[in-house]
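So the structure is just underneath, and the comments pick up after that.
Derivation of every value follows stated rules applied to the coordinates shown; laboratory data play no part. Model, not experiment: these values are computed from the prediction. With ideal geometry, Cβ positions are generated from the backbone for all residues, glycine too; neighbour counts draw on all protein chains shown.
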Amino acid sequence: MSSPVRVTVTGAAGQIGYALLFRIASGQMFGPDTPVQLRLLEITPALGALEGVAMELDDCAFPLLAGIELTDSAETAFDGANLACLVGAKPRGPGMERADLLKDNGAIFTGQGRAIASSGADDIKVAVVGNPANTNALIASANADGVPLERFTAMVRLDENRAKTQLAQKAGVPVADVTNLAVWGNHSPTMVPDFDNARIGGTPLTDVITDRAWLEGEFLSTVQQRGKAIIDARGSSSAASAANALIDHVANWTGGKPTPEGDWVSMAIPSDGSYGVPEGIISGFPVTTDGAGSYEIVQGLQLTDFAQGKLEATIAELQEERTAVADML
Ligand code: NAD
Ligand code: LMR
């Protein structure tokens with residue numbers, strides 16, 4: 001057994017928290033040999049509900065769960081944390097876009113960025129789920145003096161998973177056959193699921209699914225609008241699938257599960273200028289990961305004119321979001 005990983009989850013009494021904590025505590029994020037200590041942050045009025053969640057965690061008798069701490073103080077929550085899962089934020093309701101949450105939710109990430117810098121462990125890594133996730137990650141990073149920029153990531157893995165399933169169903173193959181599917185840009189309706197560079201059973205996807213009108217039309221809009229479709233159907237936003245995607249995101253990044261040889265995964269990360277994505281925004285990219293805390297952008301992929309146009313639009317949206325929160329950076 002290795003020493004425990006200290007994991008902070010914000011918004012832990014919320015919907016995603018309820019779908020996430022039990023999976024972390026059972027070993028699905030860091031593997032069967034790594035104990036975890038959970039540090040759960042909530043706003044004061046939700047602490048009662050959070051106590052109920054903690055009771056349920058206790059009642060699972062998870063062998064890997066090395067302790068639970070509940071708090072409404074960000075400083076206490078991030079104390080010694082190796083991983084910060086920033087989930088706590090308002091979800092959108094019907095008729096809203098994720099960017100409508102910027103002003104309300106952005107403010108949460110200034111204070112949490114500062115607390116991450118002042119009390120997180122030296123190796124702290126951050127995964128943002130709360131929407132609008134890319135720009136919230138940017139806000140947190142800008143307020144976390146001394147924490148290396150590359151430690152701040154946001155989740156586009158749910159979009160990758162959604163895209164893979166749509167493609168597998170269209171091709172009539174098991175979802176595991178769909179590989180090399182990157183989601184570029186923002187976690188918003190402008191996101192770009194890159195079917196041109198994807199593969200099915202090792203073959204270029206576009207040789208298997210030749211219906212380009214479907215790929216550029218129905219497929220794209222289904223993935224881009226999937227969050228809205230779930231809100232319309234459930235009356236509240238995706239929770240179990242979001243928690244599942246966060247398990248995937250962290251497991252590949254730092255949970256001992258490297259990206260399989262020849263494949264890549266999607267993470268929103270601070271741009272280094274690759275593919276013309278300007279530095280200073282956090283964008284979805286195809287990356288390979290070592291499972292030990294490092295990732296690298298996959299270089300040399302060709303984008304079609306169609307994908308390039310979509311990439312430029314999603315980058316423009318991220319730049320607009322950055323401008324809208326300039327006072328928090
Ligand atoms: P929820 O309302 O069920 O839970 C959010 C929790 O955060 C609440 O318990 C609330 O009390 C808490 N909270 C609010 N402010 C806080 C603060 N300052 N500190 C700590 N906790 C705080 O919402 P949810 O369904 O769990 O969704 C959470 C966020 O995740 C939303 O912004 C949602 O839009 C987003 N989301 C992102 C993705 C993605 O793919 N990136 C997917 C699904 C949901
Ligand atoms: C999702 O993609 O399901 C989440 O970002 C929630 C939303 O607002 O769509």
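Extension gain for SER26 to GLN299 (0.36 nm times residue separation, less C-alpha to C-alpha distance): 94.7 nm. Here the ratio of the Cα radius of gyration of the chain to 2.2 N^0.38 Å is 0.95. Residues with beta-carbon under 15 Å from that of PRO63, excluding PRO63: net charge, scoring Lys, Arg +1 and Asp, Glu -1? With Lys, Arg at +1 and Asp, Glu at -1, the net is -2. Each part gets one Cα centre, and for segment 1-72 versus segment 183-249 those centres are 29 Å apart. Database remark: amide H of ALA66 closer than 5 angstrom to the amide H of VAL36, GLN37, LEU38 (H placed geometrically; neighbours at sequence offset of 5 or more, or on other chains; Pro and chain starts carry no H).
Segment 281-329 and segment 95-146 have their alpha-carbon centroids 17 Å apart. Using Cβ point charges alone (K and R +1, D and E -1), the dipole size of segment 5-154 about the Cα centre works out to roughly 440 debye. Kirkwood radius, segment 69-178, all distinct C-alpha pairs, inverse of mean reciprocal distance: 15.2 Å. For segment 5-154, the alpha-carbon radius of gyration amounts to 0.99 times the rule-of-thumb value 2.2 N^0.38 Å expected for a compact globular protein. Its alpha carbons give segment 166-282 an Rg and a Dmax of 15.2, 40 Å. Annotation: amide H of VAL87 within the under-5 Å range of THR10, VAL129, GLY130, sequence separation 5 or more or interchain, hydrogens built in the peptide plane. Relative to the dominant Cα principal axis of the chain, helix 47-59 is inclined by about 90°. The order of the peptides 141-149, 276-284 by mean Cβ neighbours within 10 Å, most packed first, is 276-284, 141-149. For the chain, the Cβ-based charge dipole about the Cα centre amounts to some 480 debye (Lys, Arg positive; Asp, Glu negative; other atoms uncharged). Give me the net charge of GLY293's neighbourhood, meaning all other residues with Cβ under 15 Å from the Cβ of GLY293; Lys, Arg count +1, Asp, Glu -1. So the environment of GLY293 carries a net charge of -1. A Förster radius of 45 Å, combined with the Cβ-Cβ distance separating GLU51 from GLN319, puts the computed FRET efficiency at roughly 0.60. For the chain, find the longest principal axis of its Cα atoms and tell me its angle to the long axis of helix 305-324, 0 to 90°, nearest 10. Once rounded, one gets 30 degrees.
Taken about its Cα centre, segment 204-276 carries a charge dipole of roughly 360 debye when the Cβ of each Lys and Arg holds +1 and the Cβ of each Asp and Glu holds -1.
Any lysines with Cα under 17 Å of the LYS125 Cα? List them, leaving off those in the same chain fewer than 8 positions away. Qualifying lysines at Cα under 17 Å: LYS257.
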